[in-house]
Structure formats: C-alpha cells, structure tokens
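Here is the structure we will look at.
The values are calculated or read from the model by the stated rules, or taken from the named source; none is laboratory data. Nothing here was measured: the structure is a model prediction, and the numbers come from that model. When we count neighbours, we look across all protein chains shown, and the Cβ atoms used for this are built from the backbone with ideal geometry, even at glycine.
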Amino acid sequence: MDNPYMPYPVRIDDIEIATEDKSLKTFKFVFLNKEDEEKFSYQAGQFAELSIPGVGEIPIGIASSPVEKGFVKFTVFKTGVVTSHLHNMKVGDIMGIRGPLGNWYPWDKLEGKNVVIIGGGFAFTTLRSSIIYMLDPANRSKFGTIDVVYGARSPGMLLYRDELFEWEQRDDINMHITVDGTDDPDWKYNVGFVPTIVEQKAPKADPDTYAIVCGPPIMIKFTQPALEKLGYGEEQIIMSLENRMKCGIGMCGRCNIGKELVCKDGPVFTLKEINLTPKEY
C-alpha cells in the first residue's frame, strides 16, 4: 500500500444476507483498477478499513481468502452509523477499501502442524479465510489434521452455512458445529457454548498442534482455560483481538493494550504475548 491513508476505489459486486435476522450481510467487492487489486495483497487473518466518503470508515476482518482471486469479501454486522449506511447500499455502488492492515496468522510457522480453528459468532470471517486457504489444493498438504469448532447463538445465526456443511462432507477436515440452543428437531449438530465443545471435541495438545482463536471477548476468555486443560501451551494458542481494531495503522492510539497497538502490532498475538500485557482484552 503506497499511502496508508488512501483507500482503493471498489464497486459492490454482490450482497448476500448472511443471517436469518438480516443483521449481517456479506459484501463482495471488485477493484475499479487492476493495479489496485494487485497492490491489495493480503494474508488470511488481516483486516481492512471499509471507507464510505462523507460517512466514515470501519475496520473489518477480510473474509475472502488470498487464493480467491478477482474480488474481496467482508461480512459486516449492522451496528453503527457506517455499517448501517453500508447495509443500505446497493450492488454497483462505489466506495473504498483501505489496507490490507495488521499482521496475520503465522502460516509459515504452522506448516507441517495440526491446526485447530476456534470461532464464535460473526468473528468467523478471518477464520473462513484461513480454512479456504488451508483447504486449497496447493496448500492442503502443507498442514496436518484440521479441526474446526464454530458456534453461534442459533442455527440461523451461523455464517457461511453452505460452506460449513460442504466442509463437513470432506474427509480432510473435522467440523464441530454448535449452537447455544435450538428448538429445531432436525438439528443434528452440537448444542453448547464454544468453550464446552472445545473441551469435548478438540484434540489434545502435542508439540505439533496449534489453536487459532477468534471470537467475542467472552468466548476467548472461557476458551483459553479449555485449551489449557487440553495441554496447549501459551505459544500454541494464537488469538486475534479483532474487537480492538481502530484506525488500522496505530496512529490514534485507541487500540492499545499496554505498549501493544493492536492495529499495528496485531491483531494476531500468541497467548504468551498477550499475557505480557494488562488484562484489558
């Protein structure tokens, strides 16, 4: 990115309603200029700022994967001024994307390892990116066993449902889908909070197994001890503190946890790194 303050112009190419309550939508963007698309080279785990002229911008994890070419995707929760404006926009509208920003999951370190993906709610975006990346035919052999624990409040609040059920049919990934509760008599997956399912379904730790965790703070808080019970050490637990992201480049200082600026030094940290900071996350 030549100028970190300057967004690339993009066009909304597609909009999908992501959840039954319509509070989340997935936006597919295409770059107006091919050279901008080439400059927007990202890794699974990074985020970007979605910029709407005259309205503002918001930091959102990138939901598409680097192996998906010709577009970028973001799943956006309608929660404030900018997100509400975005939810009212239409296919064909022009806006901006600033990024990519932040660090990413340590893919070089994870090669040859078993990976446990743990996510909750709408924070599953960069985890979708990661799963698509690892399952790509060019990359699958680089990783060992892949386990996924993903949960939402109810079946209708699960993101990327078609892909979840498609992954479940594969024999090279173990899917553990869960909901907090449901009255659906046809529900055939887990019922329970993510930390409980992690303790029940995730593989026990060994030196070649790492866990990637991204979700709401309360989920992260209770997933940590569940992983520790399974034997995961501080350096084997990798967390994304997406909820702390602000300006994206560490200038405003509002993302700090102690000396760490989440937008610049993160949002991805090992638990060992996080334990060296104040308990503010």
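Which one of these is within 16 Å of Phe40 (Cβ to Cβ) and surrounded by fewer than 21 Cβ atoms within 10 Å (Cβ to Cβ): Gly112, Gly96?
On the way: Gly112 fails: within 16 Å of Phe40 (Cβ to Cβ).
From the options Gly112, Gly96, the qualifying one is Gly96.
Please find, within the stretch 262-281, the residue that is surrounded by the most Cβ atoms within 10 Å (Cβ to Cβ) out of those that are more than 19 Å from Ala44 (Cα to Cα) and acidic (Asp, Glu). Top of the filtered list is Glu273. Listed conditions (1) modelled with pLDDT of 95 or more; (2) more than 18 Å from the chain's Cα centre (by Cα); (3) not aromatic (Phe, Trp, Tyr) are all met by Leu261, apart from (1). Applying a threshold of 7 Å to beta carbon distances and a minimum spacing of six or more residues, or different chains, the list of pairs starting in the stretch 163-184 at a residue that is touching a residue at least 40 places away in the same chain (Cβ under 8 Å) and ending at one that is assigned to a helix (DSSP H, G or I) and of a type outside the set (D, E, K, R) reads Ile173/Leu135; Ile173/Trp167.
Scanning the stretch 178-204 for residues that are under 21 Å from Arg140 (Cα atoms) and in contact with a helix residue (DSSP H, G or I) (Cβ under 8 Å, 6 or more places away or on another chain) returns a single hit, Ala202.
If I go through the stretch 1-49 residue by residue, how many of them are more than 27 Å from Val268 (Cα to Cα) and either free of Cβ contacts under 8 Å to residues at least 60 places away in the same chain or in a loop (DSSP other than H, G, I, E, B) (or both)? Final tally of qualifying residues: 9.
Looking across the stretch 138-151 at every residue that is touching a residue at least 40 places away in the same chain (Cβ under 8 Å) and surrounded by 20 or more Cβ atoms within 10 Å (Cβ to Cβ), the one that is farthest from Thr19 (Cα to Cα) is identified as Val149.
Checking Tyr232, Tyr210 one by one, the residue that is within 13 Å of Lys272 (Cβ to Cβ) and touching a residue at least 60 places away in the same chain (Cβ under 8 Å) is Tyr210 and no other. Taking first residues from the stretch 89-103 that are within 16 Å of Gly54 (Cβ to Cβ) and touching a residue at least 12 places away in the same chain (Cβ under 8 Å) and partners that are small (Gly, Ala, Ser) and in a loop (DSSP other than H, G, I, E, B), the Cβ contacts under 7 Å between residues at least 6 apart in sequence or on separate chains come to Arg98/Gly248.
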